[in-house]
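The values are calculated or read from the model by the stated rules, or taken from the named source; none is laboratory data. Keep in mind that this is a model prediction, so the values were computed, not measured. We place every Cβ from the backbone using ideal geometry, glycine too, and count neighbours over all the protein chains shown.
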Amino acid sequence: MSQELWERVDDFLSDLLAPQDPALQAALEESRKAGLPEIQVSSNQGKLLFLLAQLQQARSILELGTLGGYSTIWLARALPSGGRLISLEANAHHADTARRNIAAAGLAPLVEIRTGPALELLPILENEGLGPFDLIFIDADKANTPEYFSWAVRLSRSGGLIFVDNVVRNGHILNSSTDDPAVNGMRRFLTDLSTNTHVDATALQTVGSKGHDGFVLARVR
Ligand code: SAH
Ligand code: DHB
Ligand code: MG
C-alpha cells in the first residue's frame, strides 16, 4: 500500500520537476533491451545528483558503478565544456551499453568509462594523477562500500562531495545478524563513517519508485 502511494507521489513530482527527455528515455529503453537490471537511480534522484554537481561547480566527477549510464548522463550534464567524468564499471556488457547511451546523449566527449573491478581501477586512477575530484558518486557493489569511501576521500579535493547510494535498503541496515555481504558492507561503512574525522556527513532515508532506501552525503574537510 505505501509503496504504491510512494510511487504515485514520485511520478507526480518527477513529471513536474525531473521529467525524462528523449536521451534519458532512450538510455532506459536501450538498457532494458540489453537486459540490464533496472536498478538505476530514479529521475528525481538523478536530478539531485545534477544539482549537487552544479552546486559543487564540478569540473571533475568520479562514479563507481555505471550500469547503463543513466546516472552518468544526469551527472555529466552538470559539467562545463572541458569538464570530465570518469565512471568505473566491472561488467563489460554494462559498460558497452553505457558507452552507447552516453554517446547518443551527446556526452561522449565528457565521459570516460573504464571497465574492471573498481578496487583494481582506483589505484590506477591515482597513479595516473587523475583527480582530485569535485564530486564522487559511489553506487557499485555494496559489500566494498567502506573501501570505496576510503578511496573517495583520498581522491577528493578539500570541499569535495561524496554521495553514497543505497545505504538503507528497506531497513535491512538495522539487521546486525545478517550474512548478506551488501548489508554488512553498508553497516561497516556507516560505523566507520561515525568516527571518520576527514568528513562531515549525514544520511537520509528516501521513499519512492525505488522503494525505501537512503543515501549518505559527505563533504571532505
Ligand atoms: N549508477 C547507476 C547504477 C549502478 S548499479 C545508475 O544509477 O544509473 C551497480 C553497478 O555496479 C552495476 O552495473 C554493476 O555491474 C557494477 N559493479 C558491481 N561490482 C562492481 C565492481 N567491483 N566494480 C565496479 N562496478 C561494479
Ligand atoms: C541494487 C543496486 C543499486 O545501486 C540500487 O540503486 C538498487 C539495487 C542492487 O544491486 O540490487
Ligand atoms: Mg544505487
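Some observations on this one:
- The one condition in (1) part of a helix (DSSP H, G or I); (2) at pLDDT below 95 that R154 fails to fulfil: (2)
- Residue match in region 156-168 (condition: at positive phi and buried (at least 18 other Cβ atoms within 10 Å of the Cβ)): yes
- Selection of region 42-72 for residues being surrounded by 24 or more Cβ atoms within 10 Å (Cβ to Cβ), hydrophobic (A, V, I, L, M, F, W, C) and either within 11 Å of the chain's Cα centre (by Cα) or within 15 Å of ligand 3 (Cβ to nearest atom) (or both) yields L49, I61, L62, L64, L67.
- Of all residues making up region 9-39, the number that are of a type in the set (G, A, S) and closer than 17 Å to H94 by Cα: 5
- Region 120-145, residues that are farther than 21 Å from G159 by Cβ and more than 16 Å from ligand 3 (Cβ to nearest atom): E120, L121, P123, I124, N127, E128
- The set of residues from region 91-150 being touching a strand residue (DSSP E or B) at 6+ places or on another chain (Cβ under 7 Å) and either without any contact (Cβ under 8 Å) to a residue 12 or more places away in the chain or aromatic (F, W, Y) (or both) comprises F133, F137, Y148, F149.
- Test result for V199, closer than 27 Å to E120 by Cβ, touching a residue at least 12 places away in the same chain (Cβ under 8 Å) and out of contact with any helix residue (DSSP H, G or I) (no Cβ under 9 Å at 6 or more places or on another chain): no
- Of all the residues in region 91-112, those that are more than 19 Å from L28 (Cα to Cα) and surrounded by 19 or more Cβ atoms within 10 Å (Cβ to Cβ) number 1.
- Looking across region 193-216, the residues that are in contact with a Ser or Thr (Cβ under 8 Å, 6 or more places away or on another chain) and away from ligand 1 (no atom under 16 Å from the Cβ) come down to V207, H212.
Here's the yes/no breakdown for (1) over 29 Å from L13 (Cα atoms); (2) aromatic (F, W, Y); (3) surrounded by 14 or more Cβ atoms within 10 Å (Cβ to Cβ):
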residue: R188; (1), (2), (3): yes, no, yes
residue: T197; (1), (2), (3): yes, no, no
residue: A203; (1), (2), (3): no, no, yes
residue: S209; (1), (2), (3): no, no, yes
residue: A218; (1), (2), (3): no, no, yes
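- Scan of region 157-199 for residues that are part of a strand (DSSP E or B) and away from ligand 3 (no atom under 15 Å from the Cβ), ordered by number: R157, S158, G159, G160, L161, V199
- Members of region 1-37 that are part of a helix (DSSP H, G or I) and among the aliphatic types (A, V, I, L, M): L5, V9, L13, L16, L17, A23, L24, A26, A27, L28
- Within this structure, P117 passes the test of being away from ligand 3 (no atom under 16 Å from the Cβ) and within 15 Å of G65 (Cα to Cα).
- Residues satisfying the stated conditions in region 118-151, i.e. within 16 Å of ligand 2 (Cβ to nearest atom) and part of a loop (DSSP other than H, G, I, E, B): D139, A140, D141
- Residue, farthest from D213 (Cα to Cα), within region 1-36, restricted to residues that are among the hydroxyl-bearing types (S, T, Y) and modelled with pLDDT of 95 or more: S31
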